[in-house]
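The values are calculated or read from the model by the stated rules, or taken from the named source; none is laboratory data. Being a predicted model, the structure only gives us computed values, none of them experimental. Every residue, glycine as well, gets a Cβ built from its backbone with ideal geometry; the counts of neighbours run over all protein chains shown. Ligands, DNA and RNA are stripped out before the accessible areas are found, and what is left, the full protein with its side chains, is counted by its heavy atoms. Shrake-Rupley method; radii C 1.70, N 1.55, O 1.52, S 1.80 Å.
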Amino acid sequence: MKQTNGQHLISFFEEWAPRSLAVEGDSVGLQIGRLDKPVTKVLVTLDVNNEVVDEAIEKGCQLIIAHHPPIYNKLKNIRTDLPQGRLFEKLIKHEIAVYAAHTNLDIATGGVNDLLADALKLENVSILEPTTSEKLMKLEVFTPKEATETVRKAIGEAGAGKLGDYDSCSFTTPGEGRFKPNSEAKPYIGEANKLAVVEEDKIEVVFPATKKNRVLKALLNAHPYEEPAYNLMELDIEVNEKGLGRIGLLPNSVSLGDYANTVKSQLNVPFVRVVGTMEKPVQKVAILGGDGNKYIQIAKRAGADVLVTGDLYFHIAQDALAIDLAIIDPGHHIEQIMKKGVSDYMNAKCEEKKLDCIFIASQLSTEPFRII
């Protein structure tokens, strides 16, 4: 097993949930400490409070990954005579770094909202509110025939040639390449000041625009020519749509009352609040972890019978009744599902990379509400 540091681990995490996915103004990334130190244990938590920090210390963790940022608004001071300041002081004294992954983890494929949709056993799941997508690009590159497979494999491993559920997609056209190296050139094929005619292949592949630098680097490293000839173009096609919330179908229609009990059980919460008539049939379900007050109209337009979300305001509940949208509010704490989800993902990544590090899901509940 290889030693690793926080920066290395976070680079793998951000391949899954890049900070660029976060909504504007969200506070994500490293918040406390440093990442350039060895890390053997990481605690994954929904919130960072005094008890969670004690848990990290007890378990010997050098890094905490939290869903809710402990620093959300700009700090004016860090006073160690106040609870927040004492919390930061404890983290710094014990050299525990804190990294926050908030809306980027909500939006990421396989992130919080997908984990919730899976827990609710929704089918035909799609994005509730798209927030981002990217342009598709096309690369055309000309290679000598003996290098075609090498170049194709290299750019494929860099992310080119993936279309939906298919990868290694490309098209190859044989032809003749002509070039004359000058006296300063060091040609792979041909001689200085003589016209060379070479059997070549044109490889055509597409890739998301965010992979451009990676694909070009792989191309230039793998191509045998001193000056590879290639074309790059941006296509008028959007791919990799991502967004907040999910919407899907239950296998069968059920009453709102029965489904409220199912949500309570499947999301392992002590209570739910329900808006709507308990006998109302529901089958199309929208789910959004956290505060979903802004999304009732979006869920209604998407055809949802019920929206499962937290922190519902009184007047928003009345608005939902007016548009005949049922709501089940299991609370903000359902996002705790990310603790196991992130731990499982990153432990698998560490095993794949043979890294000497384990991710531990916090065993503490940070749910502040109690029902009496």
message: Just to check your reading of the model, which residue among LEU116, LEU128, LEU122 is within 30 Å of VAL53 (Cα to Cα) and modelled with pLDDT of 95 or more?
response: LEU116
field: Pairs with Cβ under 7 Å, 6+ apart, first in region 325-343 and open to solvent by 10 Å² or more (accessible area, probe 1.4 Å), second in a helix (DSSP H, G or I)
entry: ILE337/VAL112; ILE337/LEU115; ILE337/LEU116; ILE337/ALA119; GLY341/LEU115
- line: Only one of ALA108, ALA117, ALA56 is more than 30 Å from ARG178 (Cα to Cα) and more than 23 Å from the chain's Cα centre (by Cα), namely ALA56
message: Given the condition open to solvent by 10 Å² or more (accessible area, probe 1.4 Å), hydrophobic (A, V, I, L, M, F, W, C) and under 21 Å from ILE247 (Cα atoms), answer yes or no: does some residue in region 345-358 qualify?
response: no
message: Being closer than 19 Å to TYR72 by Cα and assigned to a loop (DSSP other than H, G, I, E, B) is the filter here; which residues of region 1-42 pass it?
response: ALA17, PRO18, ALA22, VAL23, GLU24, GLY25, ASP26, SER27, VAL28, GLY33, ARG34
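Among the residues that make up region 96-113, is at least one of them without any contact (Cβ under 8 Å) to a residue 60 or more places away in the chain and either surrounded by fewer than 23 Cβ atoms within 10 Å (Cβ to Cβ) or farther than 27 Å from GLY331 by Cβ (or both)? Before you say what the answer is, go through the steps one by one.
Filtering region 96-113 down to residues without any contact (Cβ under 8 Å) to a residue 60 or more places away in the chain leaves none.
The answer is no; no qualifying residue exists.
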- request: Can you run down the residue pairs with Cβ atoms below 9 Å, 6 or more apart or on separate chains, where the first is in region 259-282 and assigned to a loop (DSSP other than H, G, I, E, B) and the partner is open to solvent by 60 Å² or more (accessible area, probe 1.4 Å) and at pLDDT below 95?
  value: PRO270/PHE369; PRO270/ARG370; PRO270/ILE371; PHE271/PHE369; PHE271/ILE371
- prompt: Any idea which of (1) open to solvent by less than 70 Å² (accessible area, probe 1.4 Å); (2) without any contact (Cβ under 8 Å) to a residue 24 or more places away in the chain is the one GLU200 doesn't satisfy?
  reply: (2)
- request: Would you check which residues across region 148-197 are open to solvent by 90 Å² or more (accessible area, probe 1.4 Å) and in a helix (DSSP H, G or I) and list them?
  value: GLU149, LYS153, GLU157
